[in-house]
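Can you keep this structure in mind? I'll have questions shortly.
The values are calculated or read from the model by the stated rules, or taken from the named source; none is laboratory data. Just so we're clear, the structure is a prediction, and the values are computed from it rather than from any experiment. Cβ: placed from backbone, ideal geometry, glycine included. Neighbour counts: every protein chain shown. Accessible surface areas use protein heavy atoms only, side chains included; no ligands, DNA or RNA. Shrake-Rupley method; radii C 1.70, N 1.55, O 1.52, S 1.80 Å.
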Amino acid sequence: HIAFTWNREGMPRRSLWVAGSDGSDLRELSSDTSASVNGFSWLPDGKTIVSLRGDELWSTTVGNGQDMVLATVGDGASDLSVSPDGSQAAFLKGGDLWLVDLEEQTVAAATQLGIAGLSSLSSGRYSRPEREIGPGIWGGPTYAWSPDGRHIAVHYVDRRRMRKVPFPNY
């Protein structure tokens, strides 16, 4: 199967969809229609997808479409990935890395370094936390699991000492 997010009507709220490798058996998997899917990752078994929807982490079995909430993760979660052994999921929120034990369904912050951005504007390329685990200004990696799943390498970004420059607003 191939999994992707899509909205049949072209609207911003996206659902989780799968199709067979030849394009057959197209179907929507996410039963919760109120929240958009904001990232997903396959479990190593190839039968289950974990996805971020609104403020929750969901588990969806592809074969029978069983869809259930695993944990509440809070607003703003992004960049979801699953450990190589499938026992944990990781995501970013508030500039920090968070871990979810998929068996125990517990959520815990792995770091405590995020500092909110200076701007009150919530859009634009430079609207980022002052300090975070995340991409640089122009993108890039955020974090990666080691092959054995015992370690996570992070991209630490600290913007607090950046030179301030004026931007005219005409």
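Place a +1 charge on the Cβ of each Lys and Arg in the chain and a -1 charge on the Cβ of each Asp and Glu, then give the dipole magnitude about the Cα centre in debye, rounded to the nearest 20.
I would put it at about 1080 debye.
Lys and Arg at +1, Asp and Glu at -1: add these up for the other residues within a Cβ distance under 10 Å of TYR156 and post the number. Could you put the intermediate results ahead of the total?
Values: positive: ARG131; negative: GLU132, ASP158.
Cβ neighbours under 10 Å give a net charge of -1.
Please state the charge dipole magnitude for the range 1-63, taken about the Cα centre, from unit charges on C-beta atoms (+1 on K and R, -1 on D and E), reported in debye and rounded to the nearest 20. Write out the running numbers ahead of the final one.
On the way: 6 positive and 8 negative charges, 19 e Å.
With only Lys, Arg, Asp and Glu charged at Cβ, the dipole is about 100 debye.
Related question: Using the Karplus curve 6.51 cos²θ - 1.76 cosθ + 1.60 with θ = phi - 60°, what ³J(HN,Hα) values do you get for each residue of the range 41-57, in whole Hz, with x for Gly and Pro?
8, 6, 6, x, 5, x, 10, 10, 10, 9, 9, 8, 9, x, 9, 10, 9
Where in the range 69-170 are there trypsin sites (Lys or Arg not before Pro) that are in a DSSP coil and have at most 15 other Cβ atoms within 10 angstrom of their Cβ? Can you show the working numbers first?
Details: sites: LYS93, ARG125, ARG131, ARG150, ARG159, ARG160, ARG161, ARG163, LYS164; in loops: ARG125, ARG150, ARG159, ARG160, ARG161, ARG163, LYS164.
Listed in order of number, the matching sites are ARG125, ARG150, ARG160, ARG161, ARG163, LYS164.
A follow-up question, please. Heavy atoms only, probe 1.4 angstrom, no DNA, RNA or ligands counted: give me LEU97, LEU43 ranked by accessible area, highest first.
Putting LEU97, LEU43 in descending order of accessible area: LEU43, LEU97.
Right, next: With a cut-off of 12 Å, note down the residues of the range 48-79 whose backbone N falls inside the zone around a label point 7 Å from the Cα of SER34 toward its beta carbon.
Only 54-56 pass the distance filter.
Among PHE167, PHE4, what's the order by accessible area (1.4 angstrom probe), most exposed first? Please list the in-between numbers first.
Working: PHE167 160, PHE4 65 Å².
Output order, biggest surface exposure first: PHE167, PHE4.
Using the charge dipole of the chain (Lys, Arg: +1 at Cβ; Asp, Glu: -1 at Cβ; taken about the Cα centre), state which of PHE167, GLN105, SER59 has its Cα farthest towards the positive end.
Comparing the listed Cα positions along the dipole, PHE167 ranks first.
5 Å is the cut-off here: which amide hydrogens, built 1.01 Å from N in the peptide plane, fall below it relative to LEU118, excluding neighbours closer than 5 in sequence?
Answer set, sorted by chain and number: GLU130.
Can you list residues whose amide H is under 5 Å from ALA71's amide H, if they're 5+ apart or on another chain and H is modeled 1.01 Å from N?
Sorted by chain and number, the residues that satisfy this are LEU57.
So if I restrict to the alpha-carbon atoms in the range 34-74, what is the Rg, and what is Dmax, the biggest pairwise distance, in Å?
Here Rg and the maximum Cα pair distance are 9.8, 28 Å.
Identify the residues of the range 66-102 with backbone N under 20 Å of a label point that sits 7 angstrom from the Cα of ASP55 along the Cα-to-Cβ direction, or state none.
68-80, 90-101
Just the accessible area for HIS151, please: 1.4 Å probe, Å², rounded to the nearest 10?
Accessible area, nearest 10 Å²: 110 Å².
Would you kindly derive the ³J(HN,Hα) couplings of the range 150-158 from the backbone phi angles with the Karplus curve 6.51 cos²θ - 1.76 cosθ + 1.60 (θ = phi - 60°), listing them in order in whole Hz, with x for Gly and Pro?
Result, rounded to whole Hz: 8, 9, 10, 8, 10, 9, 8, 10, 10.
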